[in-house]
1. Just rank 51, 342, fewest to most, by other beta-carbon atoms within 10 angstrom.
2. Please state the charge dipole magnitude for the range 210-342, taken about the Cα centre, from unit charges on C-beta atoms (+1 on K and R, -1 on D and E), reported in debye and rounded to the nearest 20.
3. Given springs between every Cα pair under 10 Å in a Gaussian network model of the chain, which of 99, 140, 382 has the largest fluctuation?
4. Among the DSSP beta bridges whose two residues both lie in the range 216-341, what percent are antiparallel, rounded to the nearest 5?
5. Rg over Rh of the range 118-195, using C-alpha atoms and the Kirkwood radius, what does it come to?
6. Which of these, 184, 280, 256, has the largest mean-square fluctuation under a Gaussian network model of the chain (Cα springs below 10 Å)?
7. Sort 311-317, 150-156 by the packing proxy (mean of other Cβ within 10 Å over each peptide's residues), most packed first.
8. Provide the descending list of Cα extents for the range 252-304 along its principal axes, expressed in whole angstroms.
Amino acid sequence: MEIRDYIKDNILIFDGAMGTMLQQKGLKIGENPEVFGLKNPDKLLEIHKAYLEAGSNVLTTNTFGANELKLDKLGYTVEEIVDNAICVAKKAVEEVDKSKPRYVALDIGPIGEMLEPMGTLSFDRAYEIFKRQAIQGEKSGANLIIIETMMDLYEAKAAVLAVKENTSLPLFITMTFDENGRSFTGCMPESMVATIEGLGVDAIGVNCSLGPKQLLPIVEKIAKITSLPVIVQANAGLPDIIDGNAIYNVKEDEFFEGVKKFIEVGASIIGGCCGTNPKFIKKICDNLDSIHKVNIEKTIKSVVCSPSKYLEIKSPTIIGERLNPTGKRLLKEALKSESLDYVINLALEQINGGAEILNVNVGLPDIDEKRMMPKVIKEIQSIIDTPLQIDSSNIDALEQGLRYYNGKTIANSVNGKDESLDVILPIVKNMEHVWLGLH
């Protein structure tokens, strides 16, 4: 059964931690896990089979860090690492009892470098890195892709687009959040859902960082606002560092109690992250008859967001319209000279005046609007967390703005004529984390 069909009516069980198990098989501190798996396929096979025998439906490949930035330094290619990892996982599936559906998920983790504006890695470069992993994953026979442990919403968006635009595989995604309900870069769970859900993923949720007890409020928040299946892969509690080793303090019974609560608040895809092992998965699978999928009443709202600000559209919602060069000599000059300090100051003035959303228009006859729109958006978002509305009658500029905006936005300056909608609607469909503002 195809996994998209299976998750409609069933609880899906992933495996547990890979790193924890590799360490038990001899992986040394500082050693690359993906290269270790390449050199020790027999040990990797044993880990996968242990999880399948415990009852897992899904094996996560040993490819979390298998990106070119890491592997090039070690003299290995993305293609050989990904292909080996998928082949070993598929072999494990072939060698176990097939009384239940089994799937192999290509695992994609963060690149390991911060994207602009926090770091130096560009959105486009990140996209190409993820694209290479995704293409090889499909070529090698993965049944789905899971993007996990994302801390930066912008990086998560780049990864999702790379998968969706270059493969036909089902796609699950999880971000990781601290106890304060924010990711390392300040992203809110609500902003993750608003931004990522519309891009066409098949499941969304949270993994790592915290144990079941600490993750529960975040899971509950996600489950209430997403229309997608919710995936949760918690750590085995919070670790204690003893003699330089992370010792996790939650055992299988307590972890299963946490899993039951995840299911009760709306999750339906479950696995384990750091500190978990086949015993944790077996405990869940041996007791699956005692837990059942729950249909949670959803709270679906009209919202826009940046990573750290989530705004429900109500009446009235105040939109600052002054970032439009029409009739504004100083703004025109600033855009022509690319003096974006003036643009930032104008944005701040509107926010201080009560604007909840900022309209952004950079249209001038002698400006390359397609290039300028994402440049201005990125500059504003590097300073300001207020959600933006992208305003342009230039289709190419509008499309670029939607692609590079970090959050859920509104596409403005769109009229209701058929000839306009025939062009705009496919663009909006590809970037469904967008509201359409009609004139």
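1. Details: 51 31, 342 14.
Exposure proxy ranking, most exposed first: 342, 51.
2. I would put it at about 720 debye.
3. Ranking 99, 140, 382 by mean-square fluctuation puts 99 first.
4. Details: 8 of 13 bridges.
Percent antiparallel among DSSP bridges in the range 216-341 is about 60.
5. On the way: Rg = 13.0 Å, Rh = 13.1 Å.
The Rg/Rh ratio comes out at 0.99.
6. 184
7. Most protected by this proxy first, the peptides run 150-156, 311-317.
8. Rounded to whole Å, the extents work out to 43, 25, 15 Å.
Throughout, read-outs are computed from the coordinates displayed, never taken from laboratory work. Bear in mind that the values here come from a model prediction, so they are computed numbers and not experimental data. So basically every Cβ, Gly included, is an ideal-geometry build from the backbone, and we count neighbours across all protein chains shown.
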